[in-house]
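The values are calculated or read from the model by the stated rules, or taken from the named source; none is laboratory data. All figures in this text were calculated on a predicted structure; none of them were measured in a lab. Counting neighbours? That spans all protein chains shown, and the Cβs are built from the backbone with ideal geometry, glycine included. Side chains are part of the model used for accessible areas, which takes the heavy atoms of the whole protein and leaves out ligands, DNA and RNA. Shrake-Rupley method; radii C 1.70, N 1.55, O 1.52, S 1.80 Å.
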Amino acid sequence: MDFKDYYKVLGVERGASDDEVRKAYRRLARKYHPDVSKEADAEHRMRDINEAKDVLADKERRAAYDTLADRVARGGSPGGDFQPPPGWDEGFEFHRGPPTGAHGPADQAEFSEFFSSLFGASERRSAARQNYRARGEDHHAAIEITLEEALQGAEREISLRGIETGPDGQPELKTRTLSVKIPAGVHPGQYIRLAKQGMPGHGGEPAGDLYLEVRIAPHARYRIEGRDLYMTLPVTPSEAALGASIEVPVPTGGTVELGVPAKARNGLKLRLKGRGFAGTPPGDLYLLLEIALPPADSDAARQAYEQLAAASSGFNPRRHLGV
Amino acid sequence: MAHVSVTTTTTLSATHPLAARELAHACGAGIEWVVQLVEVGIVSVPSRALPPDDWHFQSADLQQALAARRLERDFGVDLDAAALILDLQHELRRAKALLRSHGIEPGR
């Protein structure tokens, strides 16, 4: 776990005002928002920017972070591997919720391991010191699984790190690992709810829940759009021109027979209904035809191309270019 | 290191939806905030004639509600503006998906 310089992430000085932090955040959010950014690492940068803003825009979090940064600087290598010392945030109170800061559990959705290990649990300790009854707050995290795991189900381990109060009443760094069963048929954007795996409750009330947002890792063969899957399907010129019945692999394993219609053009989209993600209605598998030319690497192949050229001498693929 | 096996998981769906209070709690808000989300159209319910305690929500609603919460906090927008931003965001993603479905990679 690397120590992160949140001031550097936002491009502001250590003494930057709240207004400067807010302006820097908004400027960078517009530049790196994954929906509009042209930067290659926009998603990763946006997560760091959100995280930095969540700390530096909050007076108490920022003061705690500054203390920690100073301690790390004195200890030597702030850029290397870093473990926050237990009890590093003693003396700070962290307040949650609107109206002042509007820090809700929603904030946690895109926190990195570094952030949640420093701040998530300290807020829990802060809450525990207060004398009230309330159900624990819900936690949010994203889990990236493969397409195969989404379709067939899987079991995954998730590590949650935080500072908790030990048996002696002192804070200590703890890692909690959850073994989670991912049910078959989950699709991107769906949430898996783990009851009572969020923040502990206060005053005898139950713990909150943990929500895992399902994300599917990019796949070498399939592209995901909602519940639909897309795959490029290479066909030969003769299959495209004359039509053919060909074997096609499907994401759940095995193959199906697909009828390629005669006179199929490059880019033609064929649909295998219900072969995408499960749901109501289920998604489809779309096949985008890509005509692959056989190489002219033998006398027989060259002769066949010459015969084809002679037989289709009236065909001009550049007619629309006026030549 | 504590190790916990979680065998009971629920996938949010039509058969396992979130109640309005659960949606509110997941976003660190109160049920009146969910009522506002419904009023501005950020999440929808089959019938607003029903009391909020009878409303149910799925994954897409939770995703919308969390996104609205962040827009409120990070950009100081009200929920009407958040609704417009989220609509535009969906339209942008839909248009990009349409391009990709025709084999065109949207310009980066």
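If you go through segment A:6-25 and pick out every residue that is farther than 14 Å from residue A:46 by Cα and surrounded by 14 or more Cβ atoms within 10 Å (Cβ to Cβ), you end up with 7.
All of (1) in a strand (DSSP E or B); (2) within 11 Å of another protein chain (Cβ to nearest Cβ); (3) modelled with pLDDT under 80; (4) touching a Gly at 6+ places or on another chain (Cβ under 8 Å) hold for residue A:103 with one exception: (1).
Within segment A:210-243, being open to solvent by 30 Å² or more (accessible area, probe 1.4 Å) and within 16 Å of residue A:293 (Cβ to Cβ) holds for A:232, A:234, A:236, A:237, A:238, A:239, A:241, A:242.
Can you tell me which residue within segment B:43-55, out of those that are surrounded by 14 or more Cβ atoms within 10 Å (Cβ to Cβ) and in contact with a strand residue (DSSP E or B) (Cβ under 8 Å, 6 or more places away or on another chain), is farthest from residue B:80 (Cα to Cα)? That would be B:55. Among the residues that make up segment B:52-61, is at least one of them aromatic (Phe, Trp, Tyr), within 25 Å of residue A:281 (Cβ to Cβ), in contact with an Asp or Glu (Cβ under 9 Å, 6 or more places away or on another chain) and not in a helix (DSSP H, G or I)? Scanning segment B:52-61, I find at least one residue that is aromatic (Phe, Trp, Tyr), within 25 Å of residue A:281 (Cβ to Cβ), in contact with an Asp or Glu (Cβ under 9 Å, 6 or more places away or on another chain) and not in a helix (DSSP H, G or I), so the answer is yes. Applying a threshold of 6 Å to beta carbon distances and a minimum spacing of six or more residues, or different chains, the list of pairs starting in segment A:265-283 at a residue that is of a type in the set (D, E, K, R) and ending at one that is in a loop (DSSP other than H, G, I, E, B) and at pLDDT 90 or above reads A:271/A:284; A:273/A:284; A:275/A:250. Search segment B:69-108 for residues being touching a residue at least 40 places away in the same chain (Cβ under 8 Å) and more than 9 Å from every other protein chain (Cβ to nearest Cβ), and hand back the single one that is surrounded by the fewest Cβ atoms within 10 Å (Cβ to Cβ). Looking at residues that are touching a residue at least 40 places away in the same chain (Cβ under 8 Å) and more than 9 Å from every other protein chain (Cβ to nearest Cβ), I get B:80. For segment A:12-21, the criterion of being touching a residue at least 24 places away in the same chain (Cβ under 8 Å), within 12 Å of chain B (Cβ to nearest Cβ) and in a helix (DSSP H, G or I) is met by at least one residue.
Against the test of being in contact with a Pro (Cβ under 8 Å, 6 or more places away or on another chain), in contact (Cβ under 8 Å) with a residue 24 or more places away in the chain and either open to solvent by less than 60 Å² (accessible area, probe 1.4 Å) or more than 8 Å from chain A (Cβ to nearest Cβ) (or both), the options B:58, B:36, B:64 yield a single qualifying residue, B:58. Screening residue A:294 with (1) touching an Asp or Glu at 6+ places or on another chain (Cβ under 8 Å); (2) surrounded by 10 or more Cβ atoms within 10 Å (Cβ to Cβ) gives one miss only, at (1). Screening residue A:183 against (1) modelled with pLDDT under 90; (2) in contact with an Asp or Glu (Cβ under 9 Å, 6 or more places away or on another chain); (3) closer than 18 Å to residue B:5 by Cα; (4) not hydrophobic (A, V, I, L, M, F, W, C) leaves a single unmet condition, (2).
Determine, yes or no, whether residue A:45 is within 12 Å of chain B (Cβ to nearest Cβ), out of contact with any Ser or Thr (no Cβ under 7 Å at 6 or more places or on another chain), at pLDDT 85 or above and buried (at least 16 other Cβ atoms within 10 Å of the Cβ). It is false that residue A:45 is within 12 Å of chain B (Cβ to nearest Cβ), out of contact with any Ser or Thr (no Cβ under 7 Å at 6 or more places or on another chain), at pLDDT 85 or above and buried (at least 16 other Cβ atoms within 10 Å of the Cβ).
Can you pull out every residue in segment B:13-47 that is over 12 Å from the mean Cα position of the chain (by Cα), part of a loop (DSSP other than H, G, I, E, B) and of a type outside the set (Val, Ile, Thr)? Scanning segment B:13-47 gives B:13, B:14, B:16, B:17, B:28, B:29, B:30, B:46, B:47. Residue under question is residue A:201, and the condition is that it be within 14 Å of another protein chain (Cβ to nearest Cβ) and either crowded, with 20+ Cβ neighbours inside 10 Å or free of Cβ contacts under 8 Å to residues at least 60 places away in the same chain (or both); does it hold? When the stated conditions are applied, residue A:201 does not pass them. Residue A:31 passes every criterion in (1) in a loop (DSSP other than H, G, I, E, B); (2) modelled with pLDDT of 90 or more apart from (1). When residue A:249 is tested against (1) within 19 Å of residue B:103 (Cβ to Cβ); (2) touching a strand residue (DSSP E or B) at 6+ places or on another chain (Cβ under 8 Å); (3) surrounded by fewer than 16 Cβ atoms within 10 Å (Cβ to Cβ), just one condition goes unmet, and that condition is (1).
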